[in-house]
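For reference, the structure discussed in these notes is given below.
The values are calculated or read from the model by the stated rules, or taken from the named source; none is laboratory data. This structure is a prediction, so every number in the text was calculated from the model and none was measured. Glycine also receives a Cβ, built like all others from the backbone with ideal geometry; neighbour counts cover every protein chain displayed. In case anyone asks, the SASA skips ligands and DNA or RNA and just uses the protein heavy atoms, side chains included. Shrake-Rupley method; radii C 1.70, N 1.55, O 1.52, S 1.80 Å.
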Amino acid sequence: MEVPKESSPHDTSAHSESQPLQSNVVQITVVKGQDLKSLKSDTSMTMVHVEFNGVILGDSSKTEVTPNGVANYNFTASFEYSPDGPNSWVDIAQKPALLTVIEVLQKDKKQKEEKTVPLGQAVLDLLPLLQAENSNCPVISCFLNHFPLQCSLEVSVCTKKPLLSASQLSDGSFMSVTLEAAYSVPEAFVPTEPPQNYMACLQVPAVGKKEVPLLFMNGILKLHGDKEPLPRPKKWSLANVTAPGALNIPNSFILGGPYEDEDGELNKAEDREFRIQAESTKRIVWDTERRCYLDPAAVLILKKRIAECQYWPVEVCRMPLTPSSKGKTSKADKGDEDKQIFFHGVAYVNMMPLLCPGVKRIRGAFRVFAYQDSEVLEKVRAGGTARLCATSVKLQPLSKEAPQCLSSQQYVEAGTFLMMEIKLDKALVPKRQQEELTKRVKEMIPPRPLLPPRPGGAKKAVEDYHNHVANIAVAILSEYHELFGKQPPNQGATDHQTLEEQRRQLNFELNSSGKYFAFKEQLKYAVVKIVREKYLRTTAFETQEQFQAFLSELYVYLVDQMHVALNQLMYEETASPVPRIHVTNEQLWLFAREAEINKDYKLASLYHQQVKEPLSLPYWLDYGAFCLLLEDTLKAQECFREALSLDPRHVRSLLLCGIVAVMLQHYEEAEIFFEDACCLEPSSVVAWTLSGLFYELQNNNTQAGMAFREAKKRLQPQQARERSISGKGKKTSATSVGSSSEGNSYRTVRPKRRNNIYFSGPSHPISGDRQPPCTIFMKAVEFLMKFNAIQFVRMALAHELLIQQEGPSSAYYLALARTCLLKGEFSKCDDCLWNTIRIDFLNPDVWALKGHLCYLRRDFQEAKECYERTVRFVEDAEDMHFVYLRLGSIYLENKEFGKAKQIYLEACKSSASCLTWLGVGIACYRLEELVEAEDALSEANALNNSNAQVWAYLALVCLQVSCPLGLADPALLQELHATQQRLGFGDPSF
């Protein structure tokens, strides 16, 4: 293993405060010290010692401390910066300047020289210089050697010109590597003599093709005890710091986090217990951060090497700190070179996530294996020029290979792992911005143009004014009748004086009661509409004369139209309109679902096209799902793109466009859709999960894993919200179209809750609280099943099967059964349902689906038992409407007309349709309840006047009721009989 030496001192780099400022010179000015009396109350004289990179830059002059603890040093030290010299950007990035506050003691008469005592140390981070930030008098903490208090130093750092050019800053990057600790270390690691140096090393490209070894030394062996606190500060890799607090890097902390969010190994649920136990047992702690600057060439090399070799070795070892023998001076100069390393191990860090768009940080646990040259070289062989730390140092491993391998093997036996973090200030692969994604989506799907102004706006405004005037007139007339009573028709005309008195009383009553003001407010909106639609006035008037002229014109027009409205009310008798049955869009969607269930796709398509709002998102999403059911992917793509053109920020439309793009093998477009959905709604579990499935389909396992981890992170708060909602006993209706719920959809119209149970026998309890899907893949399945995206459903279910440690869940089997039933795989569906019943036999959805399977197999007796069991549950199944329809049809087939009537009426209460009222009508007809049958069939005919079965039963009912009505016209009866005989239907005997 290579253990590179720290940079050796170079005396030529030190400058006194009297040296002039040169080009590429870094100046450090210590302005003053504060709170110095907190160190020692009798401190009177201090000085500051400045060093960098092992070189002493200078000492300030002795400065007196004022009574309030301030010492004005105004001392400047400098060193020369050289990209290729001893003080390069590699040193500036990794090594801070060390400032030591020294107390100068008064010398006694017997002393020849003054004694000095170090009081405290401060560490100055020089990395902002590389980032083109000159520090103007920052205040840094000075940590004391032997006291819990601390003082502060005011320091200024500057350069004459930036150390890095603009192109180097924009195209380069800063990398930091933090080695936190090694956990679950071998039992052989015990405090011994001589002391041991626990080290780790990682090499990264830094300047062009040159490589920089990042060495972590002096790990602290800790025995059993409490786990490391979080957050805790990261530390400098400094050896000459006597004040422990000065080792802490300012504003840099180890924050930790859930194991599931890590990028390394041992982040599965089954590893949790081992991780918790290992963190509180024997471990080696570094908590050290090493940093380096990557120039543009090094950034390109880094990306190339990660692409060629995703696993980078991090070597670990133990080395004794025994000094060289005193008598062997010939080896003293190469003492470091003769040291032997023990417990040589290696961990492989997967760097591939850094090539994912927008990823700047990886952190995780990485297992340590025994170091073997052949294995390590095989791992990095694909990396081309990637080299191991062991190739550039002269430290020798043990002479005997067998003991070395034996000691290294203890890492594997103990399960040792390293906790590391690698962070860049800029992502190697930039993530596309949301604006760019939105632009790309608009290029593929142009927004729908604005609708032209609706014609007839002025006419509609005038009609509304007429209606308001008529309503107010009727209300005033009612007030008049209450005050003075209705005048009999034969009473004659009322004299003028009486009418005036009545008018005054009516005005007083209207004003005093506030009704006059209410009538005026009712007219206000109608008048505003006339001004906007008829006169097209939406802006203020320029002059008062224009305003008065407009008011006069408007007044005349309104009075004329008031007279028109009153004349229509008083003298025209309008015929009452024929009542119309208004079918809502929700009903049309329900009718379409009924046709889909009955495999009447032509009728279902007709219902979809009858929706009154073709410019609404629900219409296009539902129609697209219907097209996916028919496997018409191109038409489904058109529907989802129409929805997206109405709202380019609609996340579900983006996801569905991505799904059909995958089905059509338009993978570049699909990636844009999924990425845009995740940017628009980062909290969407479904969006991240579908993105992960897409990347997995592209064999991009790294990005797929990151998407799945993000989905799991977003799932936890959603589960907490859903549990709180389910705990209140609220069951969300699927007819809602809110976008806050992941599983919510426009597809399902769930019937309302039942009020009565019509079947004998005990009611079954519900299977506890029916919790929402508890994994990211079941959340995705719930969404995908609504839109018949079977290809992605199967992918999600495959993942769900892999993550279930205790075997598949009932939710998995139920979703798989629905998929099989949709594809006509009845045998496989039956197997899945039996597995579901074995796990959760109290789930009404399971028995409903079992009933559907038996119904399609024409096993009506078994289907009847399953449906009756479903209805007896306290809580409804998800598709109770279709349970009612099919159970009612079985009752009719079995001539159980009373039960059929009740079950169809139950369906009508929750979600009425032509088929539900038809079932009621047939049951009533068979029960010879002809009046009720006619009413029910009339309702069915109003909802769908093209159903032949409805007309047939209406004809039967009409033929049955014509005789009791007592038709007395012999000629008409004879014509009716002749028509029946000629057409061959009916009973001419009556």
Exercise. Give just the number: which of (1) open to solvent by 20 Å² or more (accessible area, probe 1.4 Å); (2) in contact with a Leu (Cβ under 8 Å, 6 or more places away or on another chain); (3) basic (Lys, Arg) does Lys823 not satisfy?
Key: (2)
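A quick yes/no check of all residues on (1) open to solvent by less than 40 Å² (accessible area, probe 1.4 Å); (2) within 19 Å of Phe591 (Cβ to Cβ); (3) of a type in the set (Phe, Trp, Tyr):
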residue	(1), (2), (3)
Lys850	yes, no, no
Val874	no, no, no
Val883	yes, yes, no
Glu928	no, no, no
Asn941	yes, yes, no
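State the number of residues belonging to the stretch 821-845 that are aromatic (Phe, Trp, Tyr) and assigned to a loop (DSSP other than H, G, I, E, B).
Qualifying residue count for the region: 1.
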Practice problem: Could you please find all residues in the stretch 354-380 being part of a loop (DSSP other than H, G, I, E, B) and in contact (Cβ under 8 Å) with a residue 60 or more places away in the chain? | Solution: Cys356, Pro357, Gly358, Val359, Lys360, Tyr371
Quiz prompt | Glu638 being buried (at least 18 other Cβ atoms within 10 Å of the Cβ), in a helix (DSSP H, G or I) and at pLDDT below 95 | solution = no
Exercise. Answer yes or no: is there a residue in the stretch 544-551 that is loosely packed, with under 11 Cβ neighbours inside 10 Å and at pLDDT below 85.
Key: no
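Quick check on the stretch 66-80. Is at least one of its residues within 15 Å of Gly33 (Cα to Cα), in a loop (DSSP other than H, G, I, E, B) and open to solvent by less than 10 Å² (accessible area, probe 1.4 Å)?
Let us first name the residues in the stretch 66-80 that are within 15 Å of Gly33 (Cα to Cα), namely 66-76.
Then drop every residue that is not in a loop (DSSP other than H, G, I, E, B), which leaves 66-70.
If we keep only those that are open to solvent by less than 10 Å² (accessible area, probe 1.4 Å) too, we end up with 69.
Scanning the stretch 66-80 turns up at least one residue that is within 15 Å of Gly33 (Cα to Cα), in a loop (DSSP other than H, G, I, E, B) and open to solvent by less than 10 Å² (accessible area, probe 1.4 Å).
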Self-check item: The listed residue being farther than 18 Å from Glu939 by Cβ, hydroxyl-bearing (Ser, Thr, Tyr), at pLDDT 80 or above and open to solvent by 30 Å² or more (accessible area, probe 1.4 Å), out of Tyr619, Tyr601
Solution: Tyr601
Exercise. Would you confirm whether any residue within the stretch 51-60 is at pLDDT below 90, open to solvent by 30 Å² or more (accessible area, probe 1.4 Å) and over 30 Å from Pro86 (Cβ atoms)?
Key: no
Quiz item: among the hydrophobic types (A, V, I, L, M, F, W, C) and not in a helix (DSSP H, G or I), is that true of Ala877?
Solution: yes
Self-check item: Filter result for the condition that a residue is open to solvent by 30 Å² or more (accessible area, probe 1.4 Å), modelled with pLDDT under 95 and not hydroxyl-bearing (Ser, Thr, Tyr), over Glu722, Glu675
Solution: Glu722
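Given the condition modelled with pLDDT under 80 and more than 30 Å from Glu675 (Cα to Cα), answer yes or no: does some residue in the stretch 458-473 qualify?
So in the stretch 458-473, the residues modelled with pLDDT under 80 come out as 458.
Among the residues that remain, those that are also more than 30 Å from Glu675 (Cα to Cα) are: 458.
Within the stretch 458-473 (the criterion being modelled with pLDDT under 80 and more than 30 Å from Glu675 (Cα to Cα)), the answer is yes, since at least one residue qualifies.
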Quiz item: Within the bounds of the stretch 216-233, is there any residue that is open to solvent by 20 Å² or more (accessible area, probe 1.4 Å), without any contact (Cβ under 8 Å) to a residue 12 or more places away in the chain, of a type in the set (S, T, N, Q) and closer than 29 Å to Val30 by Cβ?
Solution: no
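What number of residues within the stretch 166-198 are in a strand (DSSP E or B) and more than 18 Å from Lys234 (Cβ to Cβ)? Steps first, please.
Start the filter on the stretch 166-198 by keeping residues that are in a strand (DSSP E or B), which leaves 173-183, 196-198.
Filter once more, keeping what is more than 18 Å from Lys234 (Cβ to Cβ): 173, 196-197.
The total comes to 3.
Applying the selection to the stretch 652-672, what residues are open to solvent by less than 50 Å² (accessible area, probe 1.4 Å) and not in a helix (DSSP H, G or I)?
Taking the stretch 652-672 first, the residues open to solvent by less than 50 Å² (accessible area, probe 1.4 Å) are 652-662, 664, 670, 672.
The answer is Leu664, and nothing else.
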Quiz item: Taking the stretch 199-235 on its own, how many of its residues are in contact with a strand residue (DSSP E or B) (Cβ under 6 Å, 6 or more places away or on another chain) and either assigned to a loop (DSSP other than H, G, I, E, B) or among the acidic types (Asp, Glu) (or both)?
Solution: 2
Quiz item: Limited to the stretch 800-820, what total is found for residues that are assigned to a helix (DSSP H, G or I) and open to solvent by 30 Å² or more (accessible area, probe 1.4 Å)?
Solution: 6
Self-check item: Selection within the stretch 591-635 - part of a helix (DSSP H, G or I), of a type in the set (A, V, I, L, M, F, W, C) and under 31 Å from the mean Cα position of the chain (by Cα)
Solution: Leu617, Trp620, Leu621, Ala625, Phe626, Cys627, Leu628, Leu629, Leu634
